[in-house]
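Presented below is the structure to which this report refers.
Every read-out reported here was derived from the displayed coordinates using simple, explicitly stated rules and does not represent laboratory data. Model, not experiment: these values are computed from the prediction. When we count neighbours, we look across all protein chains shown, and the Cβ atoms used for this are built from the backbone with ideal geometry, even at glycine.
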Amino acid sequence: MSTSQDANDWEGRYYHIDQILDAPGPRTDEGFMAGDGVKDFLRNQAKILVIGAGGLGCEILANLALTGFKDIHVIDMDTIDISNLNRQFLFRPKDVGKSKAIVAAEFIMNRVPGVKVTPYFGKIQDKDDNYYLQFNLVICGLDSVEARRWINATLVNLVDPENPESLKPLIDGGTEGFKGQARVILPTITSCYECSLEMLNKPTAFPICTIANTPRLPEHCIEWASVLEWPRIHGDKKMDTDNPDDISWLYNVAAARAKEFNIEGVTWSLTQGVVKNIIPAIASTNAIIAASCCNEAFKIATSSAAYLNNYFMLIGTEGVYSYTFEHEKKSNCPVCGGDSLPLTINPETTLEELIEMLTERQDIQIKNPSLSTASKQLYLRAPPQLEEATRPNLAKKMSELIPGGGDVVVTAGTLPFNLSLDISFK
Ligand SMILES: [Zn+2]
C-alpha cells in the first residue's frame, strides 16, 4: 500500500480488514457475503448500539470504529470521575465532571474521521422500543446487573416472530479484576442474561433480616453498619461514601459486629468496596473482554466467520484459564422461558419469609417484590393504600393465603418482567 495515500481515503484505511471481507475462510459462516456487499453493509448501513462508555465502553467504541463500523450510538448515564482516568483512555483530566457518552463520542469522531458516534447522556430506561428497533446489534459494557437485566428483557420482548429484523443480537461483556466474560445472546433463541443469573458470584442485595439477626459474611456486617447503624446514630445526616472519616466509622462499627459473631474478613477497603459498590477494574482485562465482544460483533455483522456460541469465560486469578461453552436456555426463565418456576415450601412459611427467600435466591435476585395470584393481591409495595391494605398478609402463612398452592406472580418495579412461581407445600 502506498504511503502517500490520503489518510482520509476510506478504501486505504481498511485495507487489512478488507483482506478478511473479500475472502471466505476455513471457518466462514454459510451466509458469508464476500466483497462489496458486506463492506457496504458494515460501512453504510449497520447501526450499532454501545451501552456503557466506561472501562469496557471506551475499548468497545475504539475497536468498533477501527474495524469499520461507521454509525455507532452510545448510552451512558455517568459523568467522568478522576479515578476513571487510569483505564478509560478516551478521557482527559479536563473532562472530569462531563458526560462519558458525549466526551467519548467526540474523541472517537476526532480520532477516526468518517465515523459518526451519537451519544445519549442518560439512562437506557429512558428509551422506548422504537429506539432499540433501529439497531442491528447491541453491545453492553456495563458494571450493573440491574441494567443488564433490563436491556436483556427489553430485547427479548422486542422479538416479533413475524419480523426477523426485530431480533437484535446482544453481545454482553463484563469484568471483575482478572476475571471476565463475553457472550452472544440471540434473544428468544439462545439462553439469555436472566437464564444465567445464578452464575453471578454474589447476590446484589442482602435480606435485611439476615443483616439484622444472622450475619454470616463480612459484607453482612458492613451492610448492618451502613443500613441500620448509620441512620440510628447519625439520624438524617447523609453518609458520604467519598469521605474517609465516614468509611472509617463504618469500618470500626462493622469490625466490632464481625468480632461479636466470629466473622473474619472485614477490612477498610472491603468496607469502602461494599458501600460504594466498587467492582475492581483492570485496564488490560477490560481490553481482552472488549476485544472479544467486538470481534463477535464484527463477525455477526459481516458473516465473515462463525461467531461465539455462546459464553466465553476468562479466569486470570489462578494463572490464565479460559473456557467457552454453550450456556443452555432455562425453560422456567422468567424472561425467555414459558414455564413457571416450581417452588416447594413448608406450609408454615409466612408471606414475609417467602419474600425473604426470594431475595436471597441467587437465580432470582429480586429486590422489594410485590406478589399476587390471579384472583388475590398478596402483598403490594405501592400505592401506599394498597401497601397498607395488604401488609397484614405478611405475617400470614402461605398455606392460609393460597390453600393447596398454585401460581404466584412476582413483580418488582425495577424489572421489566414478571416471575411466575408454581408453589406447592411439603
Ligand atoms: Zn432466559
Check: If eta is 1.002 mPa s and T is 20 °C, what Stokes-Einstein diffusion coefficient results for the range 121-257, Kirkwood Rh from Cα pairs, in µm²/s?
Finding: 118 µm²/s
Next item on the list: Distance between Cα centroids, the range 209-255 to the range 357-401: provide it in whole Å.
Entry: 27 Å
Next item on the list: Sort the following peptides by mean Cβ neighbour count (other Cβ atoms within 10 Å, averaged over residues), highest first: 44-51, 375-382.
Entry: 44-51, 375-382
Checklist line | For the range 26-65: span of alpha carbons on each principal axis (Å, largest first) | finding: 34, 25, 13
Notebook entry, point to check: Rounded to the nearest 20 Debye, what is the dipole magnitude of the range 341-425 about its Cα centre when Lys and Arg each give +1 and Asp and Glu each give -1 at the C-beta?
Noted result: 180 debye
Next item on the list: Using the Cα centre as the reference, give the magnitude of the dipole from point charges on the C-beta atoms of the chain (Lys, Arg: +1; Asp, Glu: -1; all else neutral), rounded to the nearest 20 debye.
Entry: 500 debye
Margin query: Kirkwood Rh and Cα-based Rg: tell me the resulting Rg over Rh for the range 52-150, rounded to two decimals.
Written below: 0.94
Margin query: Order 127-137, 230-240 from most to least packed using the mean count of other Cβ atoms within 10 Å.
Written below: 127-137, 230-240
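On average over all directions, what projected area in square nanometres does the range 341-425 have, based on the convex hull of its Cα atoms?
Projected over every direction and averaged, the Cα hull of the range 341-425 covers 5.1 nm².
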Notebook entry, point to check: What residue among Leu186, Val274, Tyr251 has its Cα farthest toward the positive end of the dipole of the chain, where the charges are +1 on Lys, Arg and -1 on Asp, Glu, each on the Cβ?
Noted result: Tyr251
Check: Give or take rounding to whole Å, what are the principal axis extents of the alpha carbon atoms in the range 208-276, in descending order?
Finding: 28, 23, 17
Checklist line | Segments 305-313, 256-264 sorted - mean Cβ within 10 Å per residue, highest first | finding: 305-313, 256-264
Next item on the list: For the chain, state the average projected area of the convex hull of the C-alpha atoms over all orientations, rounded to one decimal in nm².
Entry: 25.2 nm²
Next item on the list: Using only Cα atoms, find the angle between the long axis of helix 283-302 and the longest principal axis of the chain, and express it within 0 to 90 degrees, rounded to the nearest 10.
Entry: 60 degrees
Check: Rounded to whole Å and sorted largest first, what semi-axes of the equivalent ellipsoid does the C-alpha gyration tensor of the range 4-89 yield via the square root of 5 times each eigenvalue?
Finding: 30, 16, 12
Notebook entry, point to check: Taking Cα pairs under 8 Å and at least six residues apart, what relative contact order does the chain come out at, in percent?
Noted result: 16 percent
Check: For the range 259-296 and the range 50-109, what is the separation of their Cα centres, given in Å?
Finding: 21 Å
